[in-house]
Amino acid sequence: MAIAERKIYEGTRVPSPIPTSLLVPEELQGSEDLLQVNFGPNHPSTHGVLRLVVDLHGETVVGLRAVVGYLHTGFEKNMEAKTWWKAITYPERIDYLSFQNNELVFVLAIEKLLGLEVPQKATWMRMCLSELNRIHSHLVWLGTAALELGAISMFWYCFRERDQILDLSEMVTGTRMHTRYFQAGGLAEDIPRGFYPDARKFVDWMPRAVDDYEALVDQNEIWLERTKGIGLLSADDAIALGQSGPVLRASGVEWDLRKAQPYLAYDEVEFNVPTYGNGDVWDRYKVHMDEMRESTRIVGQCLDRLEEMEGEPWIADDRKVVLPPREELQTSMESLIHHFKIVTEGYRVPEGEVYVTVESPRGELGCYAVSDGGPRPWRVKFRAPSFVALEATATCMSDALIADMIAIVGSLDTVMGEVDR
Amino acid sequence: MSKKRLADYGLSSERVLMKGKGPGVFEDELGELEDKLLLTTMEKAVAWAQGSSIWPDTFGLACCAIEMMSIVSARYDIARFGAEVFRSSPRQADLLIVSGRVAHKMAAPLRQIYDQMLEPKWVIAMGACASSGGMFNNYAVLQGVDKIVAVDIHVPGCPPRPEALVEGIVRLQEKIMAGVPPAYEIRGVAS
Amino acid sequence: MPGFVESREEHGEKTVVIEPARLVEACEHLRGDGFNFLSDVSAVDYLGWGERGVAGYIGTAGGRDLNRPGSQGLERLPGPKPKRFAMNYHLLAIPDGRRARVQVWLDEDEPVPSVVPVWPTADWHEREAYDLMGIRIEGHPNLTRILLEDDWEGHPLRKDYPIGGEPVRFSGEE
């Protein structure tokens, strides 16, 4: 885990006194050349409902203030009112592009508090679906980021692969997005038989698709001009600003939670962590592309391992937490009672507080869960990587032109649902 | 006064086809609408043109926006239904697809965008959150976007499949071509 | 460690409780110790902790043996909390990988000093804690509401703030 030795720029460019917004410098305040523009919440290029209030001096951005909260949904308050079982539907919608990872972090938090052991098959399937979700998230990012910079045709290619992933998801879980497939204790249902051949077809096809994407933009003059050297963020600034995920890895810090603090079964699969040292938009793009390839490798290894585990249980056996199989409900009285109690009252999670982190496609996604020993969460807080990524906008935007703003905000890969929760 | 039913005009949603499911507010409204429908050939032509070229506005808010983006993609292509391009400027758009949960803070910009659209304009409330607040019955989310704009079509789902949204747009086309006025005229609210 | 009150470890996580007045010094000490990454700042409201009765099943580690119905699960009754609010700062040391949690206990109107000089990323996290929980942060460069409108009254995540929303109406009713 190395931190980049090479300095991209001298010192720190984090603005002060407010680290997250650029203030118009003294000499320009009140100048006639200053224009304040509002990139309102409804804008085709701001990746959702982000509002940026930008002060322009000619084409240079001299003042920047981000206003968020246009998608504040009150997730955390809602989750306090539902039982732990029912609350699992909520985290998915927080980061709606990487829904499996959100579910995963919450379910891992519940299992950590319960001390529940999850069967191997469930762990590997969770890993497989999380990596498929990572590819899905990067594909949507690539499609929309390229669309904003003018490379419109990328959108269609990326969404073609995205539909293949969602077909797999639908086959396993019953729905394309927001699957609610991970339960406390394992998976909701067994893996259907048709999954493996179709998933293998996808794994064989995907590297060629990534080659196609790179062939489309890597040599393109316009793309290179618009992404190389834009939005520089040094390693020290990135760590000080709490960046993680592709943004941190593009700044030269080799930090990936899957390797550093492995969860699920990431220490049993082989994959690389792409790290680039220049800290610009181009490097963030390269990190995303390489991560897609690495995730495909991981999915292939998961499929190999899962096929060996055919017939094993997919959920833990603790009947006080996990619903009994439906066939038993006809014959066993205890199963009926367990089912009734779990669905109506909910299972109790012992008192305690945990902070679980997961490497979501955007970075370190954390869930801080406090339980009071009852069937409802007392407090759930999600550490959203996009919330923190937006804090870095001002630093990346020092001496930037307005056209670069779109590239920079796009490269930070923000999802507003996560920012506003 | 012709007593042709809406179903005869080409509308084929279930509530219209299943007679006798009332009485309810919807059936009364249907009755009132059917009394008003009498299109001249010129109006029919205009309605056909309007319905076949509805251009939506880019108003993606949350998860439903991703499924809305995928109806533009090659598999669920809505260009074949006439919704050729998503216009970024509301002044150039006919259709506002509210896709995603509307926070109270976003309600004012939503109304402003709606006001900027030129008549005739239609609104599709896509997904559970836009139709009724969805799973978020709390202080932060507007419980249904029809509190601030007049909605023509509600598309259920969380998120609705792209095909469901395409069906919503097709039903809207049927409504327009049958001569049903946009929702703000039916409800008599400011457009 | 300046301002140290106590430390505990559970579920494999280390928590250090610090006095609010000396929080910034303690954080600088920890940053010098290698904790250069502030992962998250979470505020918790413990109003009504342990007062409502709880019901439901208790899970066990490793599953429960159905053939021995008397086997008990893990349980710990909620102990009393020192004050109403807790501010938790989750820290991470890159590249070592050590994690720690700094916990500060606050009363109703007690302010907490801002750690923005130590980790600039705390800026928006503290604004969110102020916005949703109403915790006053002293020394914050820009303490304004971030997720709610600027003229919102109240702090929604507090336990005495109602969840809001409206009662669901059914189509069959008059």
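Nothing in this text is a laboratory measurement; each read-out follows from the coordinates by a stated rule. Only a predicted model underlies this, so the values are computations on that prediction, with no experimental measurement involved. Quick reminder, even Gly has a Cβ in these numbers, built from the backbone with ideal geometry, and neighbours come from all protein chains shown.
When the charge dipole of the protein assembly as shown is built from unit charges on Cβ atoms (+1 for Lys and Arg, -1 for Asp and Glu) and taken about the Cα centre, the candidate among B:MET42, A:SER153, A:GLY143 whose Cα reaches farthest toward its positive end is B:MET42. Legend: mean number of C-beta atoms from other chains within 10 angstrom of residue C-beta atoms, peptide C:86-94, equals 4. Axis of helix A:402-411 versus longest Cα principal axis of chain A: the two differ by about 20°, to the nearest ten degrees. Pairs of Cα atoms nearer than 8 Å and 6+ residues apart set the relative contact order; for chain A it is 26 percent. Think of each Lys and Arg Cβ as +1 and each Asp and Glu Cβ as -1; about the Cα centre, that makes the dipole of the protein assembly as shown roughly 1580 debye. Using only alpha carbon pairs under 8 Å that are at least six residues apart, calculate the relative contact order of the stretch A:13-171 and give it in whole percent. That works out to 13 percent. Dipole check for the stretch A:149-272: with +1 at the C-beta of Lys and Arg, -1 at the C-beta of Asp and Glu, and the Cα centre as origin, the magnitude is about 300 Debye. What is the angle, in °, between the Cα long axis of helix A:195-217 and the longest principal axis of the Cα atoms in chain A? Nearest 10 is fine, range 0 to 90. It is inclined by approximately 0 degrees.
For a 4.7 Å threshold on C-beta separation, the list of partnerless cysteines in chain A reads A:CYS158, A:CYS367, A:CYS396. When both the stretch B:161-191 and the stretch B:119-140 are represented by their alpha-carbon centers, they are found 15 Å apart.
Take each peptide in B:172-179, B:126-133, count the other Cβ atoms within 10 Å of every residue, and average; sorted highest first, the result is B:126-133, B:172-179. Near C:LYS14, the amide H atoms lying under 5 Å from its own belong to C:ARG101; only residues 5 or more places off or on other chains count, and H is placed 1.01 Å from N. In this label model, C:LYS83 and A:LEU23 are separated by 2.9 nm, measuring between points 7 Å along each Cα→Cβ vector. Only Lys, Arg, Asp and Glu carry charge here, each on its Cβ (+1 for the first two, -1 for the last two); on that basis chain A has a dipole of about 1060 debye about its Cα centre.
Computed extension gain for A:GLU308 through A:TYR9, at 0.36 nm per residue and net of the alpha carbon distance, reaches 102.6 nm.
Of A:SER335, A:SER371, the sequence from fewest to most neighbouring Cβ atoms within 10 angstrom is A:SER335, A:SER371. Other protein chain C-beta atoms within 10 Å of residue C-beta, averaged over C:134-145: 1.
Modelled spin labels at A:ILE152 and A:VAL343, positioned 7 Å past Cα toward Cβ, are 5.1 nm from each other. As a rough footprinting exposure proxy, the listed residues A:VAL24, A:VAL105 were ranked by other beta carbons within 10 Å of their own, and the order from fewest upward is A:VAL24, A:VAL105. Note on the stretch A:158-209: the C-alpha convex hull projects to 4.0 nm² when averaged across all orientations.
Its convex hull of Cα atoms gives chain A a direction-averaged projected area, equal to a quarter of the hull surface, of 21.1 nm². Based on Cα atoms of the protein assembly as shown, Rg over Rh with Rh as the Kirkwood radius reads 0.97. For the cross-link pairs A:LYS82/A:LYS201; A:LYS112/C:LYS83; A:LYS320/A:LYS381; A:LYS82/B:LYS175; A:LYS86/B:LYS175; A:LYS82/A:LYS259, the ones whose C-alpha atoms lie over 30 Å apart are A:LYS82/A:LYS201; A:LYS82/B:LYS175; A:LYS86/B:LYS175; A:LYS82/A:LYS259. Ranking A:LEU166, A:TYR96, A:TRP84 by Cα position along the charge dipole of chain A, where only Lys, Arg, Asp and Glu carry charges on their C-beta atoms, puts A:TRP84 farthest toward the positive end. If R0 equals 22 Å, the separation of the Cβ atoms of B:ALA45 and B:SER89 corresponds to a calculated FRET efficiency of about 0.25.
For the stretch A:209-259, take the alpha-carbon Rg, divide it by the Kirkwood Rh, and send me Rg/Rh. That ratio is 1.09, to two decimals. Placing unit charges on each Cβ (+1 for Lys and Arg, -1 for Asp and Glu) gives chain A a dipole about its Cα centre, and among A:PHE340, A:LEU108, A:GLY185 the Cα reaching farthest toward its positive end belongs to A:PHE340.
Couplings for the stretch C:80-96, taken from phi via the Karplus curve 6.51 cos²θ - 1.76 cosθ + 1.60 with θ = phi - 60°, read x, 9, x, 9, 6, 10, 10, 10, 10, 10, 8, 10, 9, 9, 9, x, 5 Hz in order; Gly and Pro are left as x. Across the stretch C:3-19, rounded Karplus estimates of 3J(HN,Hα) from the backbone phi angles (6.51 cos²θ - 1.76 cosθ + 1.60, θ = phi - 60°) give x, 6, 10, 7, 9, 8, 9, 8, 6, x, 10, 9, 10, 10, 9, 10, 6 Hz, Gly and Pro being marked x.
Take every Cα pair under 8 Å whose residues are at least 6 apart in sequence, average their separation, divide by the length of the stretch A:246-380, and the relative contact order is 19 percent.
Eigenvalues of the alpha-carbon gyration tensor of the stretch A:92-178, scaled by 5 and square-rooted, set the equivalent ellipsoid semi-axes at 29, 14, 9 angstrom, largest first. Once the Cβ-Cβ distance of A:ILE402 and C:ARG98 is raised to the sixth power relative to R0 = 41 Å, the FRET efficiency obtained is 0.45. To the nearest 0.05, how large is the calculated FRET efficiency for A:LEU216 and C:ASN142 if R₀ is 30 Å and r is the Cβ-Cβ distance? According to the calculation, E is roughly 0.10. Helix A:120-149 and the longest principal axis of the C-alpha atoms of chain A enclose an angle of approximately 30°.
Taking amide hydrogens as placed 1.01 Å from N in the peptide plane, the amide H of C:HIS155 sits under 5 Å from that of no residue at least 5 positions away in sequence or on another chain.
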